[in-house]
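The structure appears right after this line, and notes come after that.
Each reported figure results from applying straightforward, stated rules to the coordinates on display, with no laboratory input. Owing to the predicted nature of the structure, the values given are computational and were not obtained by experimental measurement. Cβ sites come from the backbone with ideal geometry, for glycine too, and all protein chains shown count toward neighbours.
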Amino acid sequence: MDCGPACLKMISEYYQITTSISELRELCNTSRLGSNIGDIMYGAEQVGFKALVFKTTIDYLKEKQPFPCIIHWRKNHYVVLYQIKNGKYTIGDPAYGFAVLSEKEFTEGWAGNGEKGIALFVEPDLESDYITKTAGAEGKSIGWQFVDFLRPHVKQIGFLLLVIMIASAISMLIPRTIEYMTDKGVEKKNINIIWKVLLFQFVLFGSLTFTNYIRSLIQAKLSTKLSIGIISDFLVKLLMLPISFFDTKNHADIYQRIDDHSRIETFLSTKLVSFIFSISLLVVYILQMFFFDKYIVISFLLFTALSFVWFFLFMERRRKLDYRRFGLAIEERHYLNDLISGMTEIKLNNAQSGRVDSWQELQHKLYDFKLSNLKLSQLQQNGINTVNQLKSIFITFLCSYWVINGTITFGVMLSIGYIVGQLTLPIQDIMNFFHDYQDAKTSFERLNEIQLKTNENDQGKISFPGELNRGFDVNNLSFKYAGIHNPYVLRGIDLFIPKGKITAIVGTSGSGKTTLMKLLLSFYQPQDGAILIDDINLQTINTDEFRSQCGVVMQDGYIYSSSIAQNIAMSEKNVDIERVYQALKIACLDEFVASLPQKHNTALGSTGVDLSGGQKQRLFIARAVYKNPQIIFFDEATNALDSNNERAIMDNLEHFFIGKTVLVIAHRLSTVKNAAQIVVLENGEIVELGSHAELTRTRGKYYELVKNQLELG
C-alpha cells in the first residue's frame with residue numbers, strides 16, 4: 001500500500017533530502033489502494049525534485065537516464081532502479097530490499113509481455129526552496145519520546161534502579177567468595193573457611209533471588225501501567241482524527257499499529273530494564289577483572305567488540321525484514337477478516353477452493369519470509385557463539401598460563417571463569433537490546449505517523465452557535481477526493497438549506513448526493529468554495545459541538561456489541577429509558593423490542609441478536625431521534641423498509657421534524673415529495689431546484705427520476 005511513498009523516501013535518502021514517510025504519504029495522497037504514479041510525481045515535486053513520468057522502452061532506460069528512478073513493477077507495485085551495469089539491474093524493493101536482476105527478469109517485472117513500461121525519472125531541483133515540515137513537527141528524537149512515555153512512572157523507575165544497583169553489588173561479591181574459598185579454604189585445606197564462605201554464598205544467592213523477584217514485580221506493574229497508558233493515548237488520538245483519515249487506512253493497518261504499542265510497552269518495561277541491569281553487571285565485572293589482570297580485560301573487550309561488530313553487520317537487513325513483516329502481518333489479518341466476515345458469500349458462490357488457494361499463496365509468502373528471517377538470525381547467532389567460544393578458550397588459556405607462572409592464583413582463575421560465564425547472557429541481552437530498540441523505533445515511527453496528524457478540532461476552532469438562525473449557505477462549492485488526478489465529485493454547488501424546513505436531495509447513483517452530505521457534516525474540506533452556518537464558515541466550528549446538534553442516519557451505519565438501549569443512546573452514559581422507547585416508537589421498532597425476553601437490554605452486534613436490514617435502519621432512525629437534535633441528516637434512511645413500515649415511520653417523523661432543519665437523500669418519491677425544496681444533482685452539479693409540484697410540472701430531470709413510481713402513474 002505504501003510502496004510509492006517508500007520508493008520516494010529511498011530516493012530522498014539517496015540525495016540526502018530529509019523527509020518522513022508520513023509526510024510523503026500525505027503528499028502522494030496515499031489511500032487504502034495506495035498511490036498512482038501521477039500522485040507520486042506530484043509528491044516528488046513537492047519535496048524538491050524535478051519529475052517526469054512516461055512509458056518507455058528498455059533501450060531508453062540504458063541511455064544514461066538519471067538514476068535512481070521509480071519503476072512501476074508487476075502492474076501493482078513500485079520499486080527503485082538504482083543502476084544498470086554489465087547487463088545487471090540493481091533494484092530496491094520496499095517490500096524485499098535490494099536485488100540484482102538479469103535483463104530478462106527485469107523486463108518481465110517492468111514491461112510484462114509488452115515492450116514498454118512506466119518509469120518516473122527524478123533529479124533534485126537546485127532552485128527548490130523545500131524545507132521539511134517534519135523537522136519541526138517531529139522535534140524530539142525517538143529516544144527522548146521514549147523518555148516521555150516513562151516520565152509519569154519516575155518513582156517506580158527510581159526504585160527499580162535502586163534494586164538493580166543492589167543486585168549488581170551482590171553479584172560483585174560472588175566472584176570474590178569463589179576466589180577466597182579456593183585460595184584460603186581449598187588450597188590450605190581449611191574446612192571452617194569453606195563452611196563460612198558457603199554459608200555466605202547461600203545468603204548472597206538468596207538475596208539475589210529476592211532482589212530479582214522484587215525487580216520482576218516492579219517490571220510487571222510498570223508493564224501494565226505502560227500498556228494501559230500507551231494504548232489509551234493511541235485510542236484517544238485516533239478518536240481525535242478527522243474522518244477523512246480513516247479513508248486511507250484499513251482496519252488491519254490500525255490493528256497492527258495497536259500491536260506496535262505492545263512492542264513498545266515490552267521494550268520500555270522489560271528490554272530496557274534488562275539492558276540497564278546487563279550494563280551494570282558488565283561494568284561491575286569488568287572493574288573486578290581489571291583488579292585481577294588488565295590483559296584479561298583487554299582480551300575480553302576485544303572479543304566482545306568483535307561480537308558486536310558481527311551483530312551490527314546484520315542490523316540493516318533485519319530492519320528491512322521487519323518492514324516486510326509488518327506488511328505481511330497486515331495482509332494476513334486483512335485476509336482472515338475477509339474470510340470470516342464473508343463466509344456466507346464464499347459458500348453461496350462455491351468459492352472455497354479459490355480462497356484456500358489464496359490462503360496457501362499467502363502462507364508461502366510468510367514461509368519465505370520466516371525462512372529468510374531464520375537464516376539471517378542463525379547466521380548472526382552462530383557467528384556470535386563462535387566468537388564467544390573463542391573468547392572463553394583464549395581467556396582460559398591465558399589464565400592457565402599465568403597460574404603456572406605464578407602470576408595469578410587458582411582462585412582468581414576460577415573467579416575469572418565465573419565472571420566470563422556470567423557475562424555471556426548480559427552481553428547477549430545488550431546485543432538484543434539494540435535489535436529490540438530498532439524494532440521499537442520502527443514501531444514508534446509507524447505510530448508517530450498517527451501522532452503527528454492534525455486533530456480534527458484544534459484550539460483555533462470556535463464554538464457552535466447554540467441555535468440556528470438562518471440555515472446552511474453552500475457557496476460555489478467544489479470537491480474531489482484525495483488524488484491530484486481524481487475528478488471533481490461536486491462542482492460549483494450553490495445552495496441554501498433553510499432553518500426549520502425539509503430539503504431533499506435526489507439524483508442518480510454517483511451524482512454526489514452522499515458526498516455533499518458528508519461535506520455538510522464536516523467530514524472533508526472542500527477544494528473551492530465554503531459552507532456557512534449562519535454566516536460562519538463550517539471549517540472554523542468545533543465539529544464535536546456541531547455534530548452533537550445533528551441526528552444522522554448514514555447508509556453504512558454500525559451496530560455495536562452492546563444492548564439496544566446503549567446502541568440508541570450512544571454518547572450518554574446514563575441512558576434515559578423513557579426517551580429510548582419514544583425513539584423506538586417513532587421508528588416503529590417498539591413492538592419488536594417489547595417482544596424480546598430482555599427488552600431494551602437485549603445484546604446486539606457480534607455477541608447478540610442479529611437484526612435484519614430493515615430493523616437495523618429503524619434502529620439507526622431511533623438513534624438519531626433519541627438525540628432530539630435541531631439538524632437531521634438522512635441518507636437513504638428507509639430504503640431497506642417495506643412500503644407499510646416506511647409510510648408509518650414517515651408519518652411519525654413528519655411530526656418529529658417540525659421546527660428542525662432536515663436534509664434527506666432518497667430515491668423513493670414518498671420520502672421526498674413533502675420536502676420544502678428538492679435539489680436534483682447530476683454529475684456533481686445542481687440541475688434542478690424546487691418543490692415536488694414545481695419540478696413535476698416542468699417535466700425535467702426530477703420527473704425522469706420519479707415518473708416510474710406509482711403515484712405519478
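Taking other residues whose beta carbon is less than 13 angstrom from the beta carbon of residue 272, and scoring Lys, Arg as +1 and Asp, Glu as -1, yields 0. For the residue pairs 88/249; 453/585; 453/499; 461/573, alpha carbon separations beyond 31 Å are given by 88/249; 453/585; 453/499.
Only Cα sites of the chain enter the Debye sum here, all with the same form factor; the resulting log10 I(q)/I(0) across q = 0.07, 0.08 1/Å is -0.71, -0.88, listed in q order. Have a look at the DSSP beta bridges in the chain and tell me what percent are antiparallel, nearest 5. Looking only at bridges with both residues in the chain, the antiparallel portion is about 70 percent. The calculated FRET efficiency for the pair residue 331 and residue 50, based on their C-beta separation and a Förster distance of 30 Å, comes to about 0.30.
Averaged over residues, the count of other Cβ atoms within 10 Å places the peptides 502-513, 431-442 in the sequence 502-513, 431-442, highest first.
Note on residue 212 and residue 704: with the Förster distance fixed at 56 Å, the Cβ-Cβ geometry gives a FRET efficiency of about 0.10.
Sorting 552-560, 263-271 by average packing, meaning the other beta carbons within 10 Å per residue, from highest down gives 263-271, 552-560. Here's the picture: a label point sits 7 Å out from the Cα of residue 386 along the beta-carbon direction, and within the stretch 297-314 the residues with their amide nitrogen under 13 Å of it are 307, 310-311.
Adding -39500 (n - 2.57) for every DSSP H run of four residues or longer, then dividing by how many residues the chain holds, sets the calculated 222 nm ellipticity at -18500 deg cm²/dmol. With the simple spin-label model, which puts each label point 7 Å out from Cα in the Cβ direction, the residue 558 to residue 165 separation comes to 4.9 nm.
Relative to the longest principal axis of the Cα atoms of the chain, the long axis of helix 154-180 lies at roughly 20 degrees.
Length gain on complete extension for the stretch residue 241 to residue 287, per 0.36 nm per residue less the alpha carbon to alpha carbon distance? Result for the pair: 11.3 nm of gain on full extension. If you take all other residues with their beta carbon under 12 Å from the beta carbon of residue 660, and give Lys and Arg +1 and Asp and Glu -1, the sum is +1. Bridgeable aspartates and glutamates around residue 85 (alpha carbons under 17 Å apart, same-chain partners fewer than 8 residues away excluded): 59, 63, 103, 105. Can you list, bin by bin at 5 Å, the percent of alpha carbon pairs in the stretch 598-703, starting at 0? Per 5 Å bin, starting at 0, the Cα pair percentages come out as 2, 10, 19, 20, 17, 15, 9, 3, 3, 2, 0. Electrostatic tally near residue 507: other residues with Cβ closer than 14 Å to its Cβ, Lys and Arg +1, Asp and Glu -1, net -2. Applying a threshold of 21 Å to the alpha-carbon distances of 673/701; 480/501; 627/660 flags 480/501 as lying beyond it. Placing pseudo-labels 7 Å out from each Cα toward the beta carbon at residue 654 and residue 343 gives an inter-label distance of 4.6 nm.
Each peptide in 595-601, 515-521 gets a packing score, the mean of other Cβ atoms within 10 Å over its residues, and the list from highest to lowest is 515-521, 595-601. Can you give the FRET efficiency for residue 373 and residue 697, using 1/(1 + (r/R0)^6), R0 = 56 Å, r = Cβ-Cβ distance, to the nearest 0.05? Working from the Cβ atoms, E equals 0.20. Label reach from residue 475 (point 7 Å along Cα→C-beta): in the stretch 491-533, amide nitrogens under 19 Å belong to 491-499, 519-522, 525-533.
Treating each Cα of the stretch 3-138 as an identical point scatterer and ignoring solvent, apply the Debye formula and state log10 I(q)/I(0) at q = 0.12, 0.15 Å⁻¹. One equal scatterer on each Cα of the stretch 3-138 leads to -0.44, -0.68.
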